[in-house]
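The structure appears below as structure tokens.
The values are calculated or read from the model by the stated rules, or taken from the named source; none is laboratory data. Keep in mind it's a predicted model, so treat the numbers as computed, not measured. Heads up, the Cβs are rebuilt from the backbone with ideal geometry, glycines too, and the neighbour counts pull from every protein chain shown. Surface accessibility is based on the protein's heavy atoms, side chains included, excluding ligands, DNA and RNA. Shrake-Rupley method; radii C 1.70, N 1.55, O 1.52, S 1.80 Å.
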Amino acid sequence: MRESADESSSAQRFLVIDDHEAVLQGTVPALKGAYPEAEIWTAQDYQGARQLIEQQPPDLMVVDLSIPDVAGQKATPDVGLKLVEQILTGQLIPSPWAPNVAVLSTDINPLIRLKATIKAYEGGFAAMDKSLPLQEMIQYINFAVRGSVYLPQSVKSRPELHSKWMELLRLRFDEGLNDKAIAKRMGTSDRTIRNYWIRIQDTLLIGDDPEKDLRVQIEIEARRIGLIN
Amino acid sequence: MTPATSQLDRTALLQLVETLTAQVSALEAEKLDLQKNFDAALEKAVAQQMLKQRALAIEQTYEAVHNGPLQSLAVLLRADRVPALEDDLRSQLASINQELRGIYQSMRLSAQDEALYLESGLTLDFDLPLVVLLQQVFEHTLARDFPGYETLQFQVMPDFSALANTQLSVELKRGVCLFLQEALCNVGKHALGTTRLSVLCEQRAGSYWLQIIDNGQTPGMIESLLQSLTESPEVDHQERHQGSRQAKALAQQLCGKFQRRPNADQGTICELVWPINPPGGCQEDSELELID
């Protein structure tokens, strides 16, 4: 048994859920191209997805919001939203397994209700419009696989942080705790803390520079804009 | 039978006839009333049925558009390897994509009176949960051009999930949304130099708490005076006063409290607190403490 979704040594397992054959035919080969080692499973409805998840939890789920409960029924966004919410809140797959999730839909607005849960979720997350070119879709899925969070934002918005990320910054830079101690204090997993760091880095637009210490860069930027005093 | 008794009987009969006639006409009036009520009720039921059917038709249209053309368009738009899909065609398809969504949105909103049009173009759909509506108000308002937002270099996303189980009427949902908008606008308009803005939402001690906290400069007396010389203070003051009055009225309807007070270091705390299980007959109890 693997410890958690992003620490696998064996082949990664992807689950793609969409009730449109034509969409699956685009998404699946694109994923195969980007992740040749991954084992890709597909489901076309909620019940089918659930069965596969219970059989063996996936490392990445690519979900369309508008799916039917069972094949033959009408597809509605509520069904996919329910599935995503159950994953995010650990109802379908109990912790410590928290798969990375990518939502692909013609309308991702219903996700706004889960925004706070998404940003605090242990696994990575990306939401995108289904009509994006496949290349871009893969880029955003890479975000989720990396443990980061990608949600489309309006052009003018400033960096937006979750209160849990703020707590992490405070415990690290005001109290000097290490990641292990922070995870314990915040009552969460090591992986969650690692992913929070990645999310803070991405939100503050700090690139990877081999000559610089990432945490120090985050601290400098956080103090500069007043995230910590 | 003597003539006298016959006379008596006649009078009694006449009286009886009179009473009966009166009763009959009363009954007729009542019947007419009932008929009217029945007609009105029927009309209302028919109207409701029609509204329901209309809403259903709109939902079905959405699903049809969503599961049909939008899906096909998505497949076309994402196929970046198909050479036939020139940029021109792609942008046309993308605009069809937008148009189809637009149709649904406008149909849906015209079908309900409960939509709220916020300043600068956001329409709130009160069928949505309060958590979603408040999130929309927050993001939309923070994107506006206000002097108080110019110094904000980041924002901390509020978590409204504490309000997920509230059962508020459309009117109260609208009130809470307006309260948040008003409080955020006040920060934008008055709290100059704000670097930290927190919107806190929680359940504590049997109540819901919604707080908007900034660390901007609260205009002191001299600043207010200077401001009043350069701006139109009358209008501004009235606006703020109106905002406080609305918040006060909302707090009363929720059986809660509204308060605006200075923050410990600098800035202002704007706060709405209301009980999760409101007691009966609480309308008069709401204690209010206002700065302006």
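Relative to the longest principal axis of the C-alpha atoms of chain A, give the angle of the C-alpha long axis of helix A:190-203, reported between 0 and 90° and rounded to the nearest 10°.
Rounded to the nearest ten degrees, it is 80.
Over all residues in B:150-162, what is the mean tally of Cβ atoms on other chains that come within 10 Å of each residue's Cβ?
Taking all residues of B:150-162 together, the mean is 5.
Just name one of A:Gly80, A:Gln91, A:Gly124: the one whose Cα is farthest towards the positive end of the charge dipole of region A:5-156 (beta-carbon charges, Lys/Arg +1, Asp/Glu -1).
A:Gly124
If you place +1 on the Cβ of every Lys and Arg, -1 on the Cβ of every Asp and Glu, and leave all else neutral, what size is the dipole of chain A about its Cα centre, to the nearest 20 Debye?
Value, rounded to 20: 740 debye.
Would you mind counting up the charge near B:Val17? Only other residues with Cβ under 15 Å from its Cβ, with Lys and Arg at +1 and Asp and Glu at -1. Don't skip to the answer; put the middle values down first.
On the way: positive: B:Arg10; negative: B:Asp9, B:Glu18.
Net local charge, B:Val17 excluded: -1.
Rounded to the nearest whole Å², what accessible area per residue is found for chain A with the 1.4 Å probe?
It amounts to 44 Å² per residue over chain A.
Once you have the Kirkwood Rh of region A:164-229 from its Cα pairs, apply Stokes-Einstein at 20 °C and 1.002 mPa s and quote D in µm²/s.
Details: Rh = 12.1 Å.
After rounding, the answer is 177 µm²/s.
What net charge is computed for the residues neighbouring A:Ile40, neighbours being all others with C-beta under 9 Å from the C-beta of A:Ile40, Lys and Arg scored +1, Asp and Glu -1? Intermediate values should be presented prior to the final figure.
Working: positive: A:Arg13, A:Lys32; negative: A:Glu39.
Cβ neighbours under 9 Å give a net charge of +1.
Could you order B:Thr61, A:Thr76, A:Thr192, B:Thr21 by accessible surface area, starting with the largest, using a probe radius of 1.4 Å? Can you show the working numbers first?
Numbers: B:Thr61 55, A:Thr76 30, A:Thr192 5, B:Thr21 80 Å².
Sorted by accessible area, descending: B:Thr21, B:Thr61, A:Thr76, A:Thr192.
Can you give the angle from 0 to 90° between the axis of helix A:163-173 and the longest principal axis of chain A, with both taken from C-alpha atoms, to the nearest 10?
For helix A:163-173, the angle is close to 40 degrees.
Using a cut-off of 19 Å between alpha-carbon atoms, which lysines can reach B:Lys44, once sequence neighbours fewer than 8 places away in the same chain are excluded?
Cα-Cα hits under 19 Å: B:Lys36, B:Lys52.
Tell me: how much accessible area in total is hidden between B and A, 1.4 Å probe, Å², nearest 100?
Accessible area lost upon association: around 3300 Å².
Just how large is the dipole of region A:76-173 about the Cα centre, in debye to the nearest 20, putting +1 at every Lys and Arg Cβ and -1 at every Asp and Glu Cβ? Numbers along the way, then the final one.
Working: 11 positive and 8 negative charges, 78 e Å.
Around 380 debye, computed over region A:76-173.
Tilt of helix A:134-146 relative to the longest C-alpha principal axis of chain A, in degrees (0 to 90, nearest 10)?
Between helix and principal axis, roughly 50 degrees.
Determine, at each q value in 0.13, 0.14, 0.16 (inverse angstroms), the log₁₀ of I(q)/I(0) that the Debye formula gives when each Cα of region A:5-156 is one equal point scatterer.
-0.51, -0.60, -0.80
Please compute the average number of Cβ atoms from other chains found within 10 Å of each residue's Cβ in peptide B:167-179.
Numbers: counts 0, 0, 0, 0, 0, 0, 0, 0, 0, 0, 0, 0, 0.
Averaged over the peptide's residues, the number is 0.
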